[in-house]
1. Magnitude of the Cβ-charge dipole of the chain, K/R +1 and D/E -1, about the Cα centre, nearest 20 debye?
2. Could you give the size of the charge dipole of segment 48-188 about its Cα centre, using +1 on the Cβ of each K and R and -1 on the Cβ of each D and E, expressed in debye and rounded to the nearest 20?
3. Could you sort the peptides 395-407, 498-510, 379-391, 65-77 by per-residue average Cβ neighbour count (10 Å cutoff), highest mean leading?
4. Any chance you could check the Cα centroid distance between segment 45-79 and segment 269-330 for me, in angstrom?
5. Please find the FRET efficiency linking ASP537 to SER413, where r is the Cβ-Cβ separation and R0 is fixed at 25 Å, and quote it to the nearest 0.05.
6. In Å², and per residue, what accessible area does segment 241-311 have when probed at 1.4 Å with the other protein chains present?
7. Mind ordering 523-534, 106-117 by average Cβ neighbours within 10 Å, highest first?
8. Tilt of helix 84-93 relative to the longest C-alpha principal axis of the chain, in degrees (0 to 90, nearest 10)?
Amino acid sequence: MHEVPHSPPEPVHPDNRVTWDPRRKPCIPTVTIDGATAHHSLCALLAHADELAALDCASPGENVAVIEHLLAICFASGTCPSSDEEWRDWIVGKRDLAPAAAWLADQPDDSWDLFHPTAPLVQNSELAADLRESGTGTAQLVIEHAGDYNQHFDHHHLELDNPLPAADAFRATLTQHVYGLYGRARMSGKRLGAKVTNLAAGRLTGRIRVVALGQTLGETLRLNLYPPDGPVDSLNTSWTTGTVERRKFEERAKPRVPRSPADLHSALGRSVLLRPARGPHGQITVDQVLIGAGEILELDVERHLQDAVFSKTTNGVRKPLWPSPSRALWQQAHALYSAVRDDRTGMYARLRSLRYERKGTGAPYQLWAVGLVANKTLPVAWTHGAYPYAPGMAAHLYRASRRGSDIAEYIASSLKNAAIVAAETAFPAMRAADEAGQVARLDARWSFWPAAEDPFHELLDEVIDRGPEDDDPVSEPLIEYAKGLRTTARTQMLQRLDALPPSDRNHRAQARAVRLFEDAMSGDRAPAELRGEIALD
């Protein structure tokens, strides 16, 4: 987020009301087809979506939140396919999204005013009295800054006087609605009820959101639209407007079922209120915010989680793929390709139904997976990755990604075993309490995993480039991939072992570790590709 130059802002007096309308204000950063960066209003985004390559927001989660909002506008305007067959026609024919822009431009101005006194856009005006009493600096609004109110990212603190431009505050609010973490709100709840302080996890918190990416923003939106199953007029523009009966905060919330895709993608997962101010050059900023509990949705797997990829936990519970602090997202790419290969309905079945018209090298589509890694109420990092997809190649890409992940896992396990042997030999008298630290000194896994990611992506790109015409576009690239990872791992292991001071015992430790590693790479239990062979599965 960009900081506003340092003069203290002047709160806007009620008699001097400001308006700010994202439909007309350049508020969304984008990248054009030719690589230039620019900011566009919501109307301009939709009207010129096929001239833009992608969004360019401050974080992956913010990009997803803006895409969610654009999808909601498309659904609310009726700019969406009525069937899976029509969806395919939209993709092939590159259906213009300008009707959504025209619909949006015709909506009442009061419904799209970020600072409307009684119905502020995507906010809850019922927090007004509490905002005057308990409002904080804008760090509370930005997930990457707020932390868990005790620990703060980027040295931001909730009381820091750091006003946000209105555009940044708008995008951060959208991100809070879908990714806000559970916890306690910074307010008393005396006026609205105690439950307003109980923040529930946002709709996309705790799971991986998969967005199908096309060559343009327009194609991306079309790929992620789907036939609606409810009314098209249920867009959530403010807490106090519309036909949805909002929750109260005197008792525990009863989850409500979304009325339609427009309702789902614009749901107000937080009660947010922003206070406008004037910056030193007259620009409109936000200097105070307050966040309370929002809506809780009752989601149906088939209707409301079309992008979700399901996996099983260690105790056998089936749930949508989740962001992990210990397992890199690319190691789960095979789950995405499995969904495209096997799902009978929903987004992945529609992607599988497309025809592949090869035009040069590279994949026509990407499966972009995004998640927020958190430690309870503390956000840790965004995890994301884009994985190439071409229709007709899901089975090949599944095999390449699964084998590729298995090969990397096997090599990493061998590096760990080599480190254990080296530590036991070099430090035979070490105490049990010291063992983990001594092994960690010699364990090359921590440098191996980051180094393995780029080769994995190159493997998938090579499979795509060989194309569906190739009877087996996977086996040879897998063997080259395995060879490269083995070389990288061996080099990194030797670098770790070289840290041992010269001595007979340490030389034995190095030799034993190297021998164990090499035996593991060529043994019968190793993946076939590490032996230069083609796997039979």
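1. Numbers: 59 positive and 70 negative charges, 325 e Å.
That gives a dipole near 1560 debye.
2. 260
3. Details: 395-407: 22.1, 498-510: 13.4, 379-391: 19.5, 65-77: 24.4.
Taking the mean over residues of other Cβ atoms within 10 Å, the ranking is 65-77, 395-407, 379-391, 498-510.
4. 16
5. On the way: r = 19 Å, r/R0 = 0.78.
Result of the calculation: an efficiency of 0.80.
6. On the way: 3040 Å² over 71 residues.
So segment 241-311 comes to 43 Å² accessible per residue, rounded to a whole number.
7. Output ranking for 523-534, 106-117: 106-117, 523-534.
8. Between the helix axis and the principal axis of the chain, the angle is about 90 degrees.
The values are calculated or read from the model by the stated rules, or taken from the named source; none is laboratory data. From a predicted model like this one, the values you see are computed outputs, not experimental measurements. Because the Cβ atoms are built from the backbone with ideal geometry, glycine has one as well, and the counts that use them run over all protein chains shown. Ligands, DNA and RNA are stripped out before the accessible areas are found, and what is left, the full protein with its side chains, is counted by its heavy atoms. Shrake-Rupley method; radii C 1.70, N 1.55, O 1.52, S 1.80 Å.
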